[in-house]
1. Return yes when Ala58 is over 28 Å from Lys151 (Cβ atoms), hydrophobic (A, V, I, L, M, F, W, C) and either assigned to a strand (DSSP E or B) or without any contact (Cβ under 8 Å) to a residue 60 or more places away in the chain (or both) and no when it is not.
2. Among residues belonging to segment 64-75 that are buried (at least 22 other Cβ atoms within 10 Å of the Cβ) and out of contact with any Ser or Thr (no Cβ under 6 Å at 6 or more places or on another chain), point out the one that is farthest from Val164 (Cα to Cα).
3. Consider Leu365 against the criteria (1) farther than 30 Å from Ser137 by Cα; (2) touching a Leu at 6+ places or on another chain (Cβ under 7 Å); (3) of a type in the set (A, V, I, L, M): it satisfies all of them except one. Which criterion is unmet?
4. Looking at segment 98-105, can you tell me whether even one residue there is surrounded by fewer than 23 Cβ atoms within 10 Å (Cβ to Cβ) and aromatic (Phe, Trp, Tyr)?
5. Of all residues in segment 26-46, how many are touching a helix residue (DSSP H, G or I) at 6+ places or on another chain (Cβ under 6 Å) and either surrounded by fewer than 22 Cβ atoms within 10 Å (Cβ to Cβ) or in a helix (DSSP H, G or I) (or both)?
6. So Ala279 clears everything in (1) outside any strand (DSSP E or B); (2) surrounded by 17 or more Cβ atoms within 10 Å (Cβ to Cβ) except one condition, right? Which one?
7. Report every pair of residues separated by at least 6 positions or lying on different chains whose Cβ atoms are under 7 Å apart, first residue within segment 186-212 and closer than 21 Å to Thr375 by Cβ and free of Cβ contacts under 8 Å to residues at least 12 places away in the same chain, second among the charged types (D, E, K, R) and in a loop (DSSP other than H, G, I, E, B).
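Taken together, the values in this text are just the output of simple stated rules run on the coordinates, not laboratory data. Computed from a predicted structure; not experimentally measured. Because the Cβ atoms are built from the backbone with ideal geometry, glycine has one as well, and the counts that use them run over all protein chains shown.
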Amino acid sequence: MSELWALSATELVEGFRKKTLSPVEVTNAVLARIESLNPALNAFRQVAADEALQQAKASEARWTAGQPQGLLDGVPVSIKDIILTKGWPTLRGSKTIDPKGPWNEDAPVTARLREHGAVLLGKTTTPEFGWKGVTDSPLTGITRNPWNAAKTPGGSSGGAAAAVASGMGPLAVGTDGGGSIRIPCSFTGLFGIKPSFGRVPAWPLSPFGTVAHVGPMTRTVADAALMLNVIAQPDARDWHALPYDARDWRMGLDGGVADLRIAYSPNLGYAKVDPEVAALVKKAVSVFEELGARVEEKHPGFADPASVFTTHWFSGAAFLMKGIKNQELVDPGLREVAAQGAKITADEMLDAQMKRGALGLHMNLFHRDYDLLVTPTLSIAAFDAGKEVADKMLQQRWTDWTPFSFPFNLTQQPAASIPCGLTKAGLPVGLHLVGPRYADALVLRAAQAFEKASGGSFSRPRTPA
């Protein structure tokens, strides 16, 4: 049998049900993995080992009695340190937040995980307030990629990705305001989905507004569907939440992609993509043709919406900074974008909102003809840790190397990244699957078909000893 820390959540739940696996033994194995690897990778800001073992013992007693508490009873899960967790400080990568709290509330996603018996391991690292696509912060320093510790795991859910990719828990909660689930999943060889906006209730609302989603980060598509069953349950605190859909997201996963109309856009018509990444993605797209989908190379036909996104994002940063004392403690890059955001006028913000609406309409119409849009997840593979951009001569901000992710935060569509190959340097590359709004099940089904056809997840990275 595989090492306990290497098993998927789906395998763990089945083992608990059959009594061939013990929640306590699994939790001990994962905690030992964290103790071994976290010093090198810096994936966790806080590890709550004693609490996790208490939860595992309670789970084991429930399974022994034949009365599991929920769908994830006994499964270890990490929480991104952006998400409120009762009893634990949520410091958001910032030295400006008082750890004393009080910390009296769970965010919706944390509450649902507790209700379903998940074992909460601790809080994973994030750039300050989740502002950028890599993970380093004044509070926790640099988080590193399990495939190559000199490289970034991406961000802003970089700690979550480093944890899951290296076996420090099978499931992680991520957030995605411009790619923050999909970026690190692409860089670390994971599956992650940004569900339709409002699918997973969120509270409090991100300071960056209605571009921010909450979703699962996992090693398999089936695990993401299982986790979505839990975290998509309703919570009245999210005013933006979609009406609750009580479906089991695992149902129909194996329906395949035969006759689906798939538009493949290698660069959205304007993005610059590393040739090695482009070649791996192009080869991956042929898998859908082999599975019976009707694939056509077709750009969605919109202009680069970078300025529309940065108007939303930078103004959100400016609003965030207004409430912060001791601003000299804040990441200099965040201070820079907040200063730019403070100069945005009401007219400019309203213009960006109108353009955002036009982009959403454009994609609604595009999906009348195509069931899915497929692109690279990112334009490059992972680069050196501690940097915001790969090359300062070519890029100014993280949005310059993430042209495929943030447009679909603006449109609020479901979008997922699934590993599709390794570069010659041994770094993962992600394939990006974008569905019409609310077609989360379709994105999951296509991802499952690809995962099965391509032999499942890649071999685990050689993590530091």
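1. Numbers: over 28 Å from Lys151 (Cβ atoms): yes; hydrophobic (A, V, I, L, M, F, W, C): yes; either assigned to a strand (DSSP E or B) or without any contact (Cβ under 8 Å) to a residue 60 or more places away in the chain (or both): yes.
Here the answer is yes, as Ala58 does meet what is asked.
2. My answer is Leu72.
3. Of everything listed in (1) farther than 30 Å from Ser137 by Cα; (2) touching a Leu at 6+ places or on another chain (Cβ under 7 Å); (3) of a type in the set (A, V, I, L, M), Leu365 misses just condition (2).
4. Yes - at least one qualifying residue is present in segment 98-105.
5. From segment 26-46, those touching a helix residue (DSSP H, G or I) at 6+ places or on another chain (Cβ under 6 Å) are 26-27, 29-31, 33, 41, 43-44; that's our starting set.
Still in the running and either surrounded by fewer than 22 Cβ atoms within 10 Å (Cβ to Cβ) or in a helix (DSSP H, G or I) (or both): 26-27, 29-31, 33, 41.
Adding up the residues that qualify gives 7.
6. Ala279 satisfies all of (1) outside any strand (DSSP E or B); (2) surrounded by 17 or more Cβ atoms within 10 Å (Cβ to Cβ) except (2).
7. Listed pairs, sorted by first residue: none to list.
Yes/no per residue for (1) crowded, with 22+ Cβ neighbours inside 10 Å; (2) touching an Asp or Glu at 6+ places or on another chain (Cβ under 8 Å); (3) without any contact (Cβ under 8 Å) to a residue 40 or more places away in the chain; (4) assigned to a helix (DSSP H, G or I):
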| residue | (1), (2), (3), (4) |
| --- | --- |
| Pro300 | no, no, no, no |
| Ala303 | no, no, yes, no |
| Ser307 | no, no, no, yes |
| Thr310 | no, no, no, yes |
| Ala318 | no, no, yes, yes |
| Leu334 | yes, yes, no, yes |
